[in-house]
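Trainee: Next up is a structure, given as structure tokens.
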Amino acid sequence: MIRAVATDLDGTLFYPKRRIRLLKSKNRKFLKNLLNSDKEIVLVTGRNRSIAEKIEKRIKAKRKLSMIGCSGSIVIQDGNLIKESVVDKKEIPHLFEEFDKNKNIVSVVLMGNFKGILIDLIHFPKIFTPFALLGLKMQGAYYEFSRFGRKRINKMLEDPNSKVYKVMPLFGFSENNKKGMQKAKDFAERMRTILGDYYEFFESGTAVEIVAKGTNKAESLRELFEKCNIKDDEVVVVGDSGNDIPMLDEFPHSFAMESAPDYVKSHAQNKIRYVYELEDYIKTTE
């Protein structure tokens, strides 16, 4: 019997994108039905925790949704942070040395316990900042509060109370930029040979997500489910990206989106077009 659904967001629960309504109506109804049946919903995402609040408002949830955020770096249960894996702030300047040398990187994003996200348009003049911010705001409901500039990043690094959960260089502004995706893959492979003992590198479209060594969605899901006494075979997982591969490999009821790259789909037991289609599968297990 399925007791929990763990779903990725971008490209998965947020597929297709609804810039005003956030969720496709059938996906919103599916989440409501899950909550009414007392099943657990876990949002498993590369995003930070603020996105969970947006989803709760959209589905008018009567209880907090559990969340694995920043590609496994944080675990949220009942609105409380129960685990965090941080990137050593003293080492981040060394990462930027690699970023500065790679002219294919269009921006670098940092997520942590600070408000919103920090962005460095690494190889672009400051004059491009307003255009980048406008592009982000055009995401509508998916927009996250953003601040720009290396100075802001350095100031954050000097703050003894700040924590960094994820560092993410981007190799293209479009998610479906094939050249950017290849550049991201090449960069990730190279970085694994150089710094693979210290970090995890996940390819996600034109981005490479960098988190602390040993951090991934599967391990964080297991920690959460152990607290809930939920077994691996009582969980459905669904995703579409490289950072979803660990959980697609580890959980038997695994689904990849049909729109996902082939290298991701090869790790899943099943494929679906939309997340709400999981409802029929869950019924077959009862």
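What follows draws every value from the coordinates through simple rules; no lab data is involved. Not measured: the values here are computed from a predicted model. Cβ atoms come from the backbone with ideal geometry, glycine included; neighbour counts cover every protein chain shown.
Trainee: Convex hull over the alpha-carbon atoms of region 76-149: what's its volume per residue in Å³?
Mentor: Details: hull volume 8.5 nm³, N = 74.
About 115 Å³ per residue, rounded to a whole number.
Trainee: Could you tell me which GluC sites (Glu not before Pro) in region 224-285 are loop residues by DSSP with no more than 15 other beta carbons within 10 angstrom of their beta carbon?
Mentor: Numbers: sites: E226, E234, E250, E258, E277, E279; in loops: E258.
Loop-located and lightly packed - E258.
Trainee: If you don't mind, another one. Which percentage, to the nearest 5, of the DSSP beta bridges contained in the chain is antiparallel?
Mentor: 55
Trainee: With angles folded into 0 to 90 degrees, how steeply does helix 217-228 sit against the dominant principal axis of the chain? Use alpha carbons for both and round to 10.
Mentor: With rounding to tens, the tilt is 40 degrees.
Trainee: Also, quick follow-up: Round to the nearest 10 and give me the degree value, 0 to 90, for the angle of helix 92-101's Cα axis relative to the longest principal axis of the chain.
Mentor: 70
Trainee: Taking the structure as given and computing Cα Rg over 2.2 N^0.38 Å, which label from (i) 1.08; (ii) 1.25; (iii) 0.97 fits?
Mentor: Matching the structure shown: (iii).
Trainee: Kindly list the residues of region 13-37 that lie in the label zone of K62, defined by a backbone N under 20 Å from the point 7 Å along the Cα-to-C-beta vector.
Mentor: 28-37
Trainee: Report ³J(HN,Hα) in whole Hz for each residue of region 135-148, in order, from the Karplus equation J = 6.51 cos²θ - 1.76 cosθ + 1.60 where θ = phi - 60°; Gly and Pro get x.
Mentor: Each residue of region 135-148 in turn: x, 5, 5, 5, 6, x, 4, 8, 5, 10, 3, 10, 10, 10 Hz.
Trainee: How are the C-alpha pair distances of region 246-286 spread across 10 Å bins, as whole percents from the shortest bin up?
Mentor: 30, 55, 15, 0
Trainee: Moving to a separate point now. State the volume of the convex hull built on the alpha-carbon positions of region 89-212, expressed per residue in Å³ and rounded to an integer.
Mentor: Hull volume over Cα atoms, normalised by residue count, gives 103 Å³.
Trainee: Are there any trypsin sites (Lys or Arg not before Pro) in region 40-72 that are in a DSSP loop and have at most 13 other Cβ atoms within 10 Å? List them by number. Don't skip to the end; give the middle numbers.
Mentor: Details: sites: R47, R49, K54, K57, R58, K60, K62, R63, K64; in loops: R47, R49, K60, K62, R63, K64.
For trypsin sites (Lys or Arg not before Pro) across region 40-72 that sit outside H, G, I, E and B with at most 13 neighbouring Cβ atoms in 10 Å, the list reads K60, K62, R63.
Trainee: Still on this model: Contact order normalised by length for the chain, with contacts defined as Cα pairs under 8 Å and 6 or more residues apart; what percent is it?
Mentor: Relative contact order, the chain: 20 percent.
Trainee: Based on Cβ point charges of +1 for Lys and Arg and -1 for Asp and Glu, what charge dipole magnitude is obtained for region 89-212 about its Cα centre, in debye rounded to the nearest 20? Write out the running numbers ahead of the final one.
Mentor: Values: 20 positive and 15 negative charges, 89 e Å.
Here region 89-212 has a charge dipole of around 420 debye.
Trainee: Now for a different question. Mind checking the dipole of the chain: about its Cα centre, +1 per Lys or Arg Cβ, -1 per Asp or Glu Cβ, Debye to the nearest 20? List each step's numbers first, then the result.
Mentor: Working: 50 positive and 40 negative charges, 323 e Å.
My answer is approximately 1560 debye.
Trainee: What whole number of Å gives the distance from the Cα centroid of region 67-144 to the Cα centroid of region 224-286?
Mentor: Answer, in whole Å: 26.
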